[in-house]
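The values are calculated or read from the model by the stated rules, or taken from the named source; none is laboratory data. On a predicted model such as this, the values are computed, not experimentally measured, just so you know. Virtual Cβ from ideal backbone geometry, glycine too; neighbours counted across all protein chains shown.
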């Protein structure tokens, strides 16, 4: 037991909780594939906890499925019979994935995403029933769309829903926190400063998001007060957004009430939250991909700099747990579960719906399975390597951003 506590102290509680939470969500995703494969008559060769190299075999069930424990705590996997075209016997067996009917293949492939959606809804519904605070507030019209999310709302939405007291429109925009490597920090704005005007227009907490939105792709001049001094900063907003990435001190005159519903209403709110978060995520992903595929060096660099991976998530999780407790951390877990679902819906090779697209192409074209899935396997490997490379890049930039680690060529 003492060794466990020493390990927790070395790694940090935030990292351990993140690993447990992320592992659980990925394993639940894989459990969706596992259950539907079993029910569809497709043999599951292995259910892996963690990512290889393998540490040990845990057990083998009556159907022949081997349960293994693996070294890397990054989730898990399900290995189905017939996924390897080079194994001719398994590939054409009656209980293989390839010989299963099309509808069964579709059910198996979408079950992981479905499980993550169900987990997200259950977590959202639970915390809305128990009562929670938002994770963060969005600037008004930050994503060219109104946010109807309770966990990542705009103040005006919460005000409309009756979860606020007081009004922000009369409050000065006094900065309480500035995220590093963003517009505000690059302009020299610091916590304690009060933003007075943007391009001559007077600013308060409620209108700053709308004013910034009008400056997308244009020059930005901010006057702000520090003590008795009035300072001015200039910037050119990117073509995709103009967000300062600061938070404001709203004092005691304005407060956000606890978001709490009766059980029935909480279940409905959980489903509404799925829709609202999905809309926000797709909007952000659309902007990200348009920049990454623009072949514009500055846009690509800006897009990559805004990506946040596991390290950033650990820091956010630690903050939520420390400031608001376990209920909001469960909401955070729901957001991660939903993100996993949306990520796997992207029809790219190596992802669930990329594989689903491959199955449909092979079925519609009546292509010979051995040749088609052999080629698809190579494509999946290439995309898996690319995704892992991007993941490593995001982790390294997160270390620079959140832990100030010096990494040659990046920092």
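Residues in the range 34-55 that are outside any helix (DSSP H, G or I) and more than 11 Å from residue 100 (Cβ to Cβ): how many? Residues in the range 34-55 being outside any helix (DSSP H, G or I) and more than 11 Å from residue 100 (Cβ to Cβ): 12 in total. Looking across the range 236-265 at every residue that is outside any loop (DSSP other than H, G, I, E, B) and modelled with pLDDT of 85 or more, the one that is nearest to residue 132 (Cα to Cα) is identified as 259. In the range 180-201, how many residues are out of contact with any strand residue (DSSP E or B) (no Cβ under 7 Å at 6 or more places or on another chain) and touching a residue at least 60 places away in the same chain (Cβ under 8 Å)? The qualifying residues number 3.
Within the range 108-128, identify whether any single residue is surrounded by fewer than 18 Cβ atoms within 10 Å (Cβ to Cβ) and in contact (Cβ under 8 Å) with a residue 40 or more places away in the chain, and answer yes or no. Yes, because at least one residue in the range 108-128 is surrounded by fewer than 18 Cβ atoms within 10 Å (Cβ to Cβ) and in contact (Cβ under 8 Å) with a residue 40 or more places away in the chain. Test residue 256 against the criterion of being under 27 Å from residue 158 (Cβ atoms) and more than 24 Å from the chain's Cα centre (by Cα), and give yes or no. Considered against the rule, which asks whether it is under 27 Å from residue 158 (Cβ atoms) and more than 24 Å from the chain's Cα centre (by Cα), residue 256 comes out as yes.
Among the residues in the range 70-91, are any at pLDDT below 90, assigned to a loop (DSSP other than H, G, I, E, B) and farther than 27 Å from residue 387 by Cβ? Looking through the range 70-91, none of the residues is at pLDDT below 90, assigned to a loop (DSSP other than H, G, I, E, B) and farther than 27 Å from residue 387 by Cβ. Take the conditions in a loop (DSSP other than H, G, I, E, B) and surrounded by 21 or more Cβ atoms within 10 Å (Cβ to Cβ) and apply them to residue 135. Does it pass? In short, no. Do you know which residues across the range 58-77 are in contact with a strand residue (DSSP E or B) (Cβ under 7 Å, 6 or more places away or on another chain) and without any contact (Cβ under 8 Å) to a residue 12 or more places away in the chain? Answer for the range 58-77, where residues must be in contact with a strand residue (DSSP E or B) (Cβ under 7 Å, 6 or more places away or on another chain) and without any contact (Cβ under 8 Å) to a residue 12 or more places away in the chain: 58, 59, 60. Of the residues making up the range 100-113, those that are assigned to a helix (DSSP H, G or I) and out of contact with any helix residue (DSSP H, G or I) (no Cβ under 6 Å at 6 or more places or on another chain) are 103, 104, 106, 110.
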